[in-house]
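Below: the structure, in structure tokens.
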Amino acid sequence: MIELAQRAERLLPPDVWAYLMRGASIGESAWERWRFAPRVLRDVRTVDTTTPLFGEWRSPIGIAPTAFHRLVHPDGETAVARAAAACGSPFVLSMRATTRIEEVGATAAGPWWQQVYLMRDRGITDALVQRAAAAGATALVLTGDTPYVGRSGGRGLPPLDDRLALVNVAQHVRPWSDPWAEIEQDAGAVLGDIRRLGDLTGLPVIVKGVLRPDEALHCIDAGAAGIWVSDHGGRQLGRTVPPAHALPEVAGAVRGAVPVLVDGDVRCGLDALAALALGADAVFVGRPALWALADGGADGVGAMLSGLWEELRHAMGLAGATRIAELTRDLVVER
Ligand SMILES: Cc1cc2nc3c(=O)[nH]c(=O)nc-3n(C[C@H](O)[C@H](O)[C@H](O)COP(=O)(O)O)c2cc1C
């Protein structure tokens, strides 16, 4: 993965690279806090990674929503969606995508989910989620950690043509208005918005950006169908507890009431193995998908996803597990 990041850095303009890496952690991965206590003498000739999660996936390693894919490759979000479908991995389309929702829906070749930012103009938010539902999204991922854009590690928008950046919203903003102001996040978003979005679309709503057990339970009470443990790749509030540390407590509190998802610094099969053993139902990668897209388009993303999947399967066998359900808390100890 380090080589992939290095190739992407060489390929991308410095200001684009800086945008991607804003907030990225440096040094030791937080997942390394966890050590494995493998089982022995288990028949692991067949390792099955099938994952039920609002649908059924071959791999529990999916693509987290990231904005502006055409910033790094002209094929953008459709390439990433196709690569994810080919690997049997969940793909989440960002509400700040540079490809029309309908185009992604028509070319995805598999189920996909729509990420949601609640915008100041709820009419625009509602129109976008309804378009996503009509285009075939099978779940919504409501980002809860972004009342406004954070400043962790830098500020500002990436260098991107407005026509691309606003491709999904242009038709909804009032003429002569400042479109960026109209689509800005609503700092007044509340828990009640979870159920409202679900009722509006009939889709399950996963809340992304949860780092506390009590907040996970509040979201579930308010109608969340899934909890996504995330610190937004370090880009929102600075110095948050890493998802790799927050996950076990959140999963412990949720106790299987709804699926638990996690992202943040997942870079190899061992990171994914630790996350799944600590109670996650699926893990997601953000920046690696953008590096892979920059490096090799859809093929690059496919190679990255299948590489991680292979590493996970290999590690599961060595840990003595043949199914995702066998990845339980006793497999990891704190270093
Ligand atoms: C360039 C970039 C853009 C992002 N855009 C979004 C977004 O539009 N919506 C969202 O919910 N999260 C967004 N995120 C956060 C990711 O979904 C994810 O939480 C994070 O990248 C995971 O960490 P990782 O990059 O270490 O894998 C973005 C992250 C990056 C790096």
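The values are calculated or read from the model by the stated rules, or taken from the named source; none is laboratory data. Predicted model, so just to flag it, every value in this text is computed and none were measured. As a convention, Cβ positions derive from the backbone with ideal geometry for all residues, glycine included, and neighbour counts pool all protein chains shown.
Any chance you could count how many residues in segment 236-253 are more than 13 Å from residue 29 (Cα to Cα), in contact (Cβ under 8 Å) with a residue 40 or more places away in the chain and either within 10 Å of the ligand (Cβ to nearest atom) or surrounded by 19 or more Cβ atoms within 10 Å (Cβ to Cβ) (or both)?
3
Of the conditions (1) within 15 Å of the ligand (Cβ to nearest atom); (2) within 19 Å of residue 326 (Cβ to Cβ); (3) surrounded by fewer than 24 Cβ atoms within 10 Å (Cβ to Cβ); (4) not acidic (Asp, Glu), residue 233 clears all except one; give me its number.
Unmet condition: (2).
Considering only residues that are within 21 Å of residue 225 (Cα to Cα) and either within 16 Å of the ligand (Cβ to nearest atom) or assigned to a strand (DSSP E or B) (or both), which ones fall in segment 101-118?
112, 113, 114, 115, 116, 117, 118, listed by residue number.
Restricting the first residue to segment 13-28 and requiring it to be free of Cβ contacts under 8 Å to residues at least 24 places away in the same chain, which pairs with a second residue that is more than 10 Å from the ligand (Cβ to nearest atom) meet a Cβ separation below 8 Å and a spacing of at least six or different chains?
17/8; 17/9
Taking the stated definitions as given, is residue 15 in a helix (DSSP H, G or I), surrounded by fewer than 20 Cβ atoms within 10 Å (Cβ to Cβ) and either more than 12 Å from the ligand (Cβ to nearest atom) or at positive phi (or both)?
Taking the combined requirement at face value, the residue satisfies it.
Considering 209, 198, which residue is under 21 Å from the mean Cα position of the chain (by Cα), within 13 Å of the ligand (Cβ to nearest atom) and modelled with pLDDT of 95 or more?
It is 209.
Looking at this structure, is residue 93 touching a residue at least 40 places away in the same chain (Cβ under 8 Å), within 16 Å of the ligand (Cβ to nearest atom) and surrounded by fewer than 21 Cβ atoms within 10 Å (Cβ to Cβ)?
Against the criterion (touching a residue at least 40 places away in the same chain (Cβ under 8 Å), within 16 Å of the ligand (Cβ to nearest atom) and surrounded by fewer than 21 Cβ atoms within 10 Å (Cβ to Cβ)), residue 93 does not qualify.
Identify all residues within segment 125-139 that are among the aliphatic types (A, V, I, L, M) and either over 20 Å from residue 172 (Cα atoms) or surrounded by fewer than 22 Cβ atoms within 10 Å (Cβ to Cβ) (or both); write none if there are none.
Within segment 125-139, 127, 128, 133, 134, 135, 139 qualify.
As an exercise: evaluate residue 265 against (1) touching a Phe, Trp or Tyr at 6+ places or on another chain (Cβ under 9 Å); (2) more than 14 Å from the ligand (Cβ to nearest atom) and give the number of the one condition it does not meet.
(2)
Taking residue 77 as the residue in question, decide whether it is modelled with pLDDT of 95 or more and more than 15 Å from the ligand (Cβ to nearest atom).
Here the answer is no, as residue 77 does not meet what is asked.
Return the total of residues in segment 12-71 being over 26 Å from residue 291 (Cβ atoms), small (Gly, Ala, Ser) and under 17 Å from the mean Cα position of the chain (by Cα).
Qualifying residue count for the region: 1.
Please enumerate the residues belonging to segment 210-230 that are under 19 Å from residue 65 (Cβ atoms), small (Gly, Ala, Ser) and either buried (at least 23 other Cβ atoms within 10 Å of the Cβ) or in contact with a helix residue (DSSP H, G or I) (Cβ under 6 Å, 6 or more places away or on another chain) (or both).
224, 226, 230
Any chance segment 24-37 includes a residue that's closer than 30 Å to residue 104 by Cα and assigned to a loop (DSSP other than H, G, I, E, B)?
Yes, some residue in segment 24-37 is closer than 30 Å to residue 104 by Cα and assigned to a loop (DSSP other than H, G, I, E, B).
Out of 98, 125, which single residue is part of a loop (DSSP other than H, G, I, E, B) and within 16 Å of the ligand (Cβ to nearest atom)?
98
Specify which of the listed residues (280, 275, 315, 298) is in contact (Cβ under 8 Å) with a residue 24 or more places away in the chain, within 16 Å of the ligand (Cβ to nearest atom), of a type outside the set (Lys, Arg) and in a helix (DSSP H, G or I).
275
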